[in-house]
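Let me begin by presenting the structure, written as structure tokens, before commenting on it.
The values are calculated or read from the model by the stated rules, or taken from the named source; none is laboratory data. All values derive from a computational prediction rather than experimental measurement. Neighbour counts are summed over all protein chains in view; Cβ atoms, including those assigned to glycine, are modelled from backbone coordinates with ideal geometry. For the accessible areas, the whole protein counts, side chains as well, though only heavy atoms, and no ligand, DNA or RNA atoms are used. Shrake-Rupley method; radii C 1.70, N 1.55, O 1.52, S 1.80 Å.
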Amino acid sequence: MKAADEPAYLTVGTDVSAKYRGAFCEAKIKTVKRLVKVKVLLKQDNTTQLVQDDQVKGPLRVGAIVETRTSDGSIQEAIISKLTDASWYTVVFDDGDERTLRRTSLCLKGRDILPRVRLWISFL
């Protein structure tokens, strides 16, 4: 459940709320092992392809027109149809504890976390 105005990935130093021992706690991102998966619709032949963000030239936003390197090595114009942040984030909590978490366990500080909590409860 990502808001349309959230970035494709978070950067070092960003203040977040992180799920830790069943509760959300304030933390700051210390390191990022970035992996953003981008699903694109190739304009030339109307097919979809899944690529990593380093294969995309242009803004990482759903609906953006970009250039992408295809599996055969050619560069084609495409439209981003989906972004998935599969990055690993190491965060430091206010008490000094560090944890490495996926994006699904983080939300930007100050954002409403209730939709994520409802989603997790529905899986129980």
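So that you can scan it fast, the table gives a plain yes or no per residue for (1) of a type in the set (Ser, Thr, Tyr); (2) outside the structural domain of Leu106 (by the TED database):
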residue: Glu6; (1), (2): no, no
residue: Leu42; (1), (2): no, yes
residue: Thr47; (1), (2): yes, yes
residue: Leu50; (1), (2): no, yes
residue: Asp53; (1), (2): no, yes
residue: Val62; (1), (2): no, yes
residue: Glu67; (1), (2): no, yes
residue: Glu77; (1), (2): no, yes
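Looking only at region 64-94, count how many residues are more than 30 Å from Ala27 (Cβ to Cβ) and among the acidic types (Asp, Glu).
3
When only residues in region 7-22 that are open to solvent by 60 Å² or more (accessible area, probe 1.4 Å) and of a type in the set (Ser, Thr, Tyr) count, which is nearest to the chain's Cα centre (by Cα)?
Taking region 7-22 and keeping what is open to solvent by 60 Å² or more (accessible area, probe 1.4 Å), we get 9, 11-12, 15, 19, 21-22.
With of a type in the set (Ser, Thr, Tyr) added as a condition, the list becomes 9, 11.
Values: Tyr9: 4, Thr11: 11 Å.
Top of the filtered list is Tyr9.
Looking at region 26-46 only, could you name the residues that are of a type in the set (S, T, N, Q) and modelled with pLDDT of 95 or more?
Across region 26-46, the qualifying residue is only Thr31.
For every residue, the table says whether it meets (1) in a strand (DSSP E or B); (2) over 26 Å from Asp97 (Cβ atoms).
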| site | (1), (2) |
| --- | --- |
| Pro7 | no, no |
| Ala18 | yes, no |
| Cys25 | yes, no |
| Gln44 | no, yes |
| Leu50 | yes, yes |
| Asp54 | no, yes |
| Gly63 | no, yes |
| Gly73 | no, yes |
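Among the residues of region 85-92, is any β-branched (Val, Ile, Thr), open to solvent by less than 30 Å² (accessible area, probe 1.4 Å) and under 15 Å from Thr48 (Cα atoms)?
No.
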